[in-house]
Structures are given as C-alpha cells and as structure tokens.
1. Hey, what's the range 86-176 come to in accessible area per residue, 1.4 Å probe, Å²?
2. Any idea what log10 I(q)/I(0) is at q = 0.10, 0.13, 0.20 Å⁻¹ for the range 43-176, Debye with uniform C-alpha scatterers and no solvent?
3. Using 22 Å as the Cα-Cα cut-off, could you pick out the over-long pairs in Lys104/Lys131; Lys28/Lys79; Lys84/Lys131; Lys104/Lys158?
4. If you stretched the chain out fully between Thr117 and Gln34, how much longer would it get, using 0.36 nm times the residue separation minus the C-alpha to C-alpha distance?
5. For the range 87-176, what % of the accessible area comes from carbon and sulfur atoms, probe 1.4 Å?
6. Taking only C-alpha pairs under 8 Å that are 6+ residues apart, what is the relative contact order of the range 20-176 in percent?
7. Given axes a ≥ b ≥ c from the Cα gyration tensor, I'd like to know whether the range 78-149 is rounded (a/c under 1.5), prolate (a/b larger than b/c) or oblate.
8. To the nearest 0.05, what FRET efficiency results for Lys159 and Lys104 with a Förster distance of 45 Å applied to their C-beta separation?
Amino acid sequence: MGFWNTRGLRGSSLETLINFTNDFYRQKGLALFQKIPTPITPVKVNNEKRRITLAYFEQQSTVDYMGVVQGIPVCFDAKETTLKSLPIQNIHPHQIQFMNDFQKQKGISFLLVYFSTIDSFYFLPFETLEKYWTEAQQGGRKSIPLSAFEEQYRIVQKKGILQYLETINTYLINQE
C-alpha cells in the first residue's frame, strides 16, 4: 500500500499548468477534462495547520485526467522527468491496463510528459507507451528515450496554455 507524504507534491507545477489549460479549454467550449483524485485515508493530521501529514492510498488510481474533446473520450496521465528519458518504473501496471481498456472503447489514451532538462512537453500515444512497456517487461530497456517522442507530438505552450488539443488533432489525423 502506498503512502503520501511531502514527496507527494512532486510535479505539482505541471499539474497546476494542466489544470489551468483544462479550465481555459472548458471556458472556450473546446474540451471538458476533470482531474481524477486518488482516494486517500489520512493517518496523521496536523490540526493546527489543517494538513494531512501521512496517509495511505485506499485504492490504485487510474490516470490523472479524463474528459471529452468534441465528442471523443480522452484520458491521460501527466509525467515529469529530469532525465532525457522517461523511466518505465514511473508507469504502473494498472495504468497500462486502464489505458488499454480505454482505447478498446474507442477512446484516446496518452501520456503528457514534461522533460524539465529541455523544458519541453510531449504527447506520447498509448501505442508507443505500450510498446516500450511490453519490451521492459520482457527484459528490455527500462525507460523510454527522448528520441521515441516524435517532434510532431511536441506540445507547444502559448500564453501559459499547453496546446495539447492541437497535438491530439495531429494524432487523430495520423490515425486516419
């Protein structure tokens, strides 16, 4: 069973950026996304500061965000890395299973990955993620190299908004 502590805030600036972007998309009527909270049970609470200082996860989460873009169901998980690769250990088996099941229902599943060392965001289609995941499970490479992230799926940030809807559109065009 996992525990939440101060390390649980890693990636919160990425999450803040995505939440801001999602709110913008909602206000413009372009898409509707919701952050999926991970259910926790508090163990220790600092009543003076009104803070949970230790908790355990009640169940495994699925992905970070789910929503719909112009009638198309979409789910994605946000990942951040300081490396020039994304460690496979940052992706959990239940997330792979959920994203696979989501794809089978005609939805789009992907990772939104932020490479902090090069200050770049990428859309990683589930098909690419699944390929590297499967290879890693069979003893292959334990990370997804930056070179696997296609330039056409680079997510541009304009005026504080991650333009990932444009990247989803590029992906859909490539699927036709």
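The values are calculated or read from the model by the stated rules, or taken from the named source; none is laboratory data. What you are looking at is a predicted structure, and each value in this text was computed from that prediction instead of being measured. So basically every Cβ, Gly included, is an ideal-geometry build from the backbone, and we count neighbours across all protein chains shown. All accessible areas refer to the heavy atoms of the entire protein, side chains included, with ligands and DNA or RNA removed. Shrake-Rupley method; radii C 1.70, N 1.55, O 1.52, S 1.80 Å.
1. For the range 86-176, the per-residue accessible area is 51 Å².
2. After summing over all Cα pairs, the log10 values are -0.38, -0.62, -1.21.
3. As for pairs spanning more than 22 Å Cα to Cα, those are Lys28/Lys79; Lys104/Lys158.
4. The Thr117-Gln34 span can extend by a further 27.1 nm.
5. Values: 2210 of 4640 Å².
The C+S portion of the solvent-accessible surface of the range 87-176 is 48 percent.
6. Result for the range 20-176 is 17 percent.
7. Because a/c hits 1.5 or more and a/b fails to exceed b/c, the range 78-149 counts as oblate.
8. Details: r = 36 Å, r/R0 = 0.81.
My answer for the efficiency is 0.80.
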